Amino acid sequence: MSESRLSKDIALAITNHGRGKIISWRNNVGNGVAISARGPKFTALLQAIIQLAAKMGCSASPIKYGLCVGSSDRIGITTVKITPEMVGREMGIFTAWEIKTTTGSVSEEQDNFIQAVRRSGGMAGVVRSVDEAIAVCNPLGI
């Protein structure tokens, strides 16, 4: 199964499993280009690489998006009811799922992100199946 298909299956499964208590968003991380041109130049630049922009007399500026390098594929907030000793208030806990195929590897940056979330009291993990994605929330009985 592709990572894209697995990601879609996980999104649906954690939403259904959470019964309204889990909200998640796809978190794409990468780079893009903003092109300052109009008309025919704009169309031409869409098909060109950044180096060609200078030759055509236009500028291209890199744009970064996503949380940060290494941040997980799916992030969200999991609502948890705090114990009566803690006033019984519901709170959101940052939750991150790094989705990988059975052969996909985790980068050092991705592992660092997961560890940072866990150290901060959030829930995070590398998941290779729907069941593993649901298990990320199980320490709290979600």
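The values are calculated or read from the model by the stated rules, or taken from the named source; none is laboratory data. The shown structure was predicted, so the numbers you read here are calculated from the model rather than taken from an experiment. Don't worry about glycine lacking a Cβ; one is built from the backbone with ideal geometry, like all the others, and counts go over all protein chains shown.
The set of residues from region 102-125 being more than 15 Å from the chain's Cα centre (by Cα), among the hydroxyl-bearing types (Ser, Thr, Tyr) and surrounded by 10 or more Cβ atoms within 10 Å (Cβ to Cβ) comprises just one member, Ser120.
For region 93-122, a residue qualifies if it is over 27 Å from Lys81 (Cβ atoms), polar (S, T, N, Q) and not in a helix (DSSP H, G or I), and the qualifying residues are Thr101, Thr102, Thr103, Ser105, Ser107.
Being outside any helix (DSSP H, G or I) and at pLDDT 90 or above is the filter here; which residues of region 123-142 pass it? Show your work before the answer.
Narrowing region 123-142 to residues outside any helix (DSSP H, G or I): 123-129, 136-137, 141-142.
Passing the criteria: Met123, Ala124, Gly125, Val126, Val127, Arg128, Ser129, Val136.
Scanning region 95-109 for residues that are farther than 17 Å from Glu132 by Cα and either free of Cβ contacts under 8 Å to residues at least 12 places away in the same chain or not charged (D, E, K, R) (or both) returns a single hit, Ser107.
Selection within region 22-73: residues that are at pLDDT 80 or above and assigned to a strand (DSSP E or B). The member of this set that is surrounded by the most Cβ atoms within 10 Å (Cβ to Cβ) is Ile22. Step by step: first the residues of region 126-142, then only those that are free of Cβ contacts under 8 Å to residues at least 60 places away in the same chain and surrounded by 14 or more Cβ atoms within 10 Å (Cβ to Cβ), then the one that is nearest to Ile22 (Cα to Cα). Which residue is that? This residue is Val136.
Taking region 75-91 as the range and being at pLDDT below 80, surrounded by 10 or more Cβ atoms within 10 Å (Cβ to Cβ) and assigned to a strand (DSSP E or B) as the test, the residues that pass are Ile77, Thr78, Thr79, Val80, Lys81, Met91.
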